[in-house]
Amino acid sequence: MLKSKASSNATDQRNVTRLRVLEKIRATGTISRIDIATALETSPATITSATADLLSAGLIAEIESETPSKSARRGRPRVQLKLNGASHLIAGVKVARQQVSVILVDFEGTEITSYTHPLDQARMAPDAFAKKIRAVLDQACASANRSLADLSGVCIGIAGLIDANRNFVHWSSSLTERNVDLSPLLSEVLPCPAFIENDANLVAKAEQLFGLGKGLKNFLVVTIEHGIGLGIVLDGKLYRGERGCGAEFGHLKVQLDGALCQCGQRGCLEAYVGEYALIREATIASEATDPRTLDDIVAAAKAGDARSISVLARAGQMFGMGVSNLINLFDPECIILSGARGRFDYLHSDEVMARVQNGVVSVDAPLPEIKVNHWGDSMWAKGAAAYGIEQVSILKVRELAAHAN
Ligand SMILES: [Zn+2]
């Protein structure tokens with residue numbers, strides 16, 4: 001039977017309220033109904049109804065507060081609400097060039113286990129990719145004495161141009177094909193919903209929830225690993241672009257007809273700054289036949305090798321120019337440079353920061369702060385888990401609405 005527009009609007013509104021309540025409980029840890037109503041500027045009756053739905057779905061739990069809040073009457077403990085961590089098991093997955101990292105979390109975001117699996121191929125055919133995800137998740141769950149059937153949702157972060165709304169990969173350095181709809185492939189191998197997201201967006205999410213972006217409204221996260229990624233948070237929300245193709249900082253053109261990029265175009269920032277680009281440049285100049293790693297280049301530069309020094313210096317100049325362009329475009333509160341410790345020091349040296357300063361259109365106001373966050377490999381997977389929790393919350397609240405109608 002077709003629902004009337006008015007009734008479907010009312011359902012949508014109820015879902016929005018339920019999600020806002022859930023978000024509030026997540027942000028505070030424990031909170032009473034009346035404090036939620038005050039914080040959300042909503043009537044206590046609406047909050048009581050929303051929390052009743054969330055309680056019946058098992059997403060939240062009641063606890064008796066031993067120390068009643070100031071507004072409570074003396075001697076009467078107020079019932080507090082918290083998330084029900086045990087209600088859902090969620091996996092965050094990051095697919096990198098040489099490994100897949102998995103983190104399993106409960107609905108409260110508490111880590112259950114983390115697991116890393118080496119990859120022998122950086123690029124996979126789409127069906128092989130889906131099977132690999134399944135195999136690694138099986139192993140990760142087994143390592144925590146859980147099974148794949150226990151998962152309520154999986155979020156997978158990969159590099160590339162991703163339309164997260166429909167799990168569609170326009171292009172990724174992890175896949176051998178372009179224009180891949182991963183939904184049917186993943187639902188074939190996984191018993192739970194799967195969500196694909198650009199990996200830099202997941203780092204921005206992690207920075208916003210647990211990292212240096214906490215409490216900031218407008219900030220950018222530049223991720224540095226094999227390639228260069230960007231996550232944009234505007235007005236507290238992740239900005240993805242219309243087709244999921246935005247924020248491609250690594251493919252900002254910095255040179256007319258320049259070096260070949262792994263995206264197939266020429267002159268991209270990544271073709272000068274990305275790990276593969278540096279290895280390519282240093283290998284061309286080197287007498288050695290063995291492929292070199294970024295660590296070798298950094299070590300050689302530290303030992304005084306002129307070629308390695310010049311490769312890293314040029315990368316720094318290009319990167320500084322790119323970051324100053326970001327500031328000119330977005331005027332953020334803060335830019336967070338995120339990558340593995342010690343591996344990208346040449347990208348935030350004093351010379352690079354001076355180049356950033358020189359490239360920013362000058363006004364009589366201080367530059368946005370540039371912070372460096374050395375997260376380990378788990379950063380990506382943690383961001384994926386955070387996004388997974390958000391998506392599972394949306395699905396569960398929607399199911400609630402479907403059952404109620
Ligand atoms: Zn490119």
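Each reported figure results from applying straightforward, stated rules to the coordinates on display, with no laboratory input. Please read these numbers as outputs of a predicted model, since none were measured by experiment. Cβ sites come from the backbone with ideal geometry, for glycine too, and all protein chains shown count toward neighbours.
Amide H of Gln121: which non-local residues (sequence gap of 5 or more, or other chain) have their own amide H closer than 5 Å, using H built in the peptide plane?
HN-HN under 5 Å from Gln121: empty list.
Post the alpha-carbon centroid distance, the range 170-233 to the range 107-144, in whole angstrom.
Using only Cα atoms, the two centres lie 15 Å from each other.
Among the GluC sites (Glu not before Pro) in the range 270-358, which ones are in a DSSP loop with at most 15 other Cβ atoms within 10 Å of the Cβ? Mind listing them? Display every interim value, and only then the final one.
Numbers: sites: Glu270, Glu275, Glu281, Glu287, Glu333, Glu351; in loops: Glu287, Glu333.
Passing both the DSSP loop test and the Cβ count: Glu287, Glu333.
Computed FRET efficiency, Cβ-Cβ of Ala39 and Gln121, R0 45 Å: what is it to the nearest 0.05? Could you put the intermediate results ahead of the total?
Values: r = 49 Å, r/R0 = 1.09.
Computed FRET efficiency for Ala39 and Gln121: 0.40.
Give me a comma-separated list of calculated 3J(HN,Hα) values for the range 277-284, in order, Karplus coefficients 6.51, -1.76, 1.60 applied at θ = phi - 60°, integers in Hz, x for any Gly or Pro.
Taking θ as phi minus 60°, the curve returns 5, 5, 5, 4, 4, 5, 5, 4 Hz for the range 277-284.
Based on Cβ point charges of +1 for Lys and Arg and -1 for Asp and Glu, what charge dipole magnitude is obtained for the chain about its Cα centre, in debye rounded to the nearest 20? If you can, show how the numbers build up before the last one.
Details: 43 positive and 45 negative charges, 262 e Å.
Its charge dipole is roughly 1260 debye.
Using the alpha-carbon atoms, what tilt in degrees (0 to 90, nearest 10) does helix 5-28 show relative to the longest principal axis of the chain?
Its long axis makes an angle of about 70 degrees.
Modelling each spin label as a point 7 Å along the Cα-to-Cβ direction, I'd like the Ser49/Asp12 distance in nm, to one decimal.
The modelled label-to-label distance comes out at 1.8 nm.
Can you give the helix-only mean residue ellipticity at 222 nm for the chain, where every DSSP H stretch with n ≥ 4 adds -39500 (n - 2.57) and the sum goes over all residues, rounded to the nearest 500 deg cm²/dmol? List each step's numbers first, then the result.
Values: 12 runs with 169 residues, N = 405.
Mean residue ellipticity at 222 nm (helix-derived): -13500 deg cm²/dmol.
Calculate the dipole size of the range 133-287 relative to its Cα centre from +1 charges on Lys and Arg beta carbons and -1 charges on Asp and Glu beta carbons; express the result in debye to the nearest 20.
On the way: 13 positive and 18 negative charges, 87 e Å.
Approximately 420 debye in magnitude.
Do you know the relative contact order of the chain, to the nearest whole percent, from alpha carbon pairs under 8 angstrom that are 6+ apart? Mind showing how you got there, number by number?
Working: 742 pairs, mean separation 60.2, N = 405.
In percent, rounded to a whole number, it is 15.
Computed over the Cα atoms of the chain, what is the convex hull's projected area averaged over all directions, in nm²?
Working: hull surface 98.0 nm².
Averaged projected hull area, Cα only: 24.5 nm².
When the chain is treated as a GNM, springs tying every alpha-carbon pair under 10 Å, which of Ala86, Ala50, Ala27 comes out with the largest mean-square fluctuation?
Residue with maximal mean-square fluctuation among Ala86, Ala50, Ala27: Ala27.
With springs only between Cα atoms under 10 Å, which of Arg97, Arg18, Arg292 fluctuates most in a Gaussian network model of the chain?
Result: Arg292 has the largest fluctuation of those listed.
Can you put Arg355, Arg314 in order of Cβ neighbours within 10 angstrom, beginning with the fewest? Could you put the intermediate results ahead of the total?
Numbers: Arg355 20, Arg314 15.
Exposure proxy ranking, most exposed first: Arg314, Arg355.
So how far apart, in nm, are the two label points at Glu399 and Leu216 if each is 7 Å from Cα heading toward Cβ?
3.6 nm
Under 10 Å, Cα contacts only: if you run a Gaussian network model on the chain, which one of Lys94, Lys302, Lys132 comes out with the highest mean-square fluctuation?
Lys302
When the Cα centres of the range 15-51 and the range 297-329 are compared, how far apart do they sit, in Å?
So the separation of the two Cα centres works out to 49 Å.
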